[in-house]
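Asks: Sharing a structure, written as structure tokens. Questions coming.
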Amino acid sequence: MQYIIIGVILLIILLAVLKATSKDAPLDFNKLVEALGGKENIIDTEVTLSRFKVTLKEVEKANKEAIQKLGAKGIVEIDNQLKIILGPDSKQLKKYINDLK
């Protein structure tokens, strides 16, 4: 009986450690580029910590609702720029967009 209890406790600890180390689902960069109006709509990108700043040809083409559904924690529109709070995925998204061009 003691071994069963010890086994259950170890299993619970293992599951807790696995859950703590697993990342959230990664961003779908293809869908995010589409939500920004496509790669042709993107003029420039810049990353500052967890913020992704993108300059667009036509900001009206950007689907802010879709961007938020894809994982953005916030979006600020200034002129033809969107500042999107993405967290640690910001740098990877910038690299992905640069590779597309």
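Values in this text are rule-based calculations from the coordinates and carry no lab data. The model shown is predicted, which means the values in this text are computed figures rather than measured ones. Virtual Cβ from ideal backbone geometry, glycine too; neighbours counted across all protein chains shown.
Asks: With +1 on each Lys and Arg Cβ and -1 on each Asp and Glu Cβ, how big is the dipole of the chain about its Cα centre, in debye rounded to the nearest 20? Write down the numbers at each step before the final one.
Replies: Details: 16 positive and 13 negative charges, 55 e Å.
It comes to approximately 260 debye.
Asks: While we're here: Placing one identical point scatterer on every Cα of the chain and ignoring solvent, what is log10 I(q)/I(0) from the Debye formula at q = 0.09, 0.10, 0.18, 0.22 Å⁻¹?
Replies: -0.33, -0.38, -0.78, -1.09
Asks: Output the 0 to 90 degree angle, nearest 10, between the alpha-carbon long axis of helix 89-100 and the longest principal axis computed from the alpha carbons of the chain.
Replies: 50 degrees
Asks: Same structure, new question: I'd like the orientation of helix 2-21 relative to the chain: the angle between its Cα long axis and the longest Cα principal axis, in ° from 0 to 90, rounded to 10.
Replies: 10 degrees
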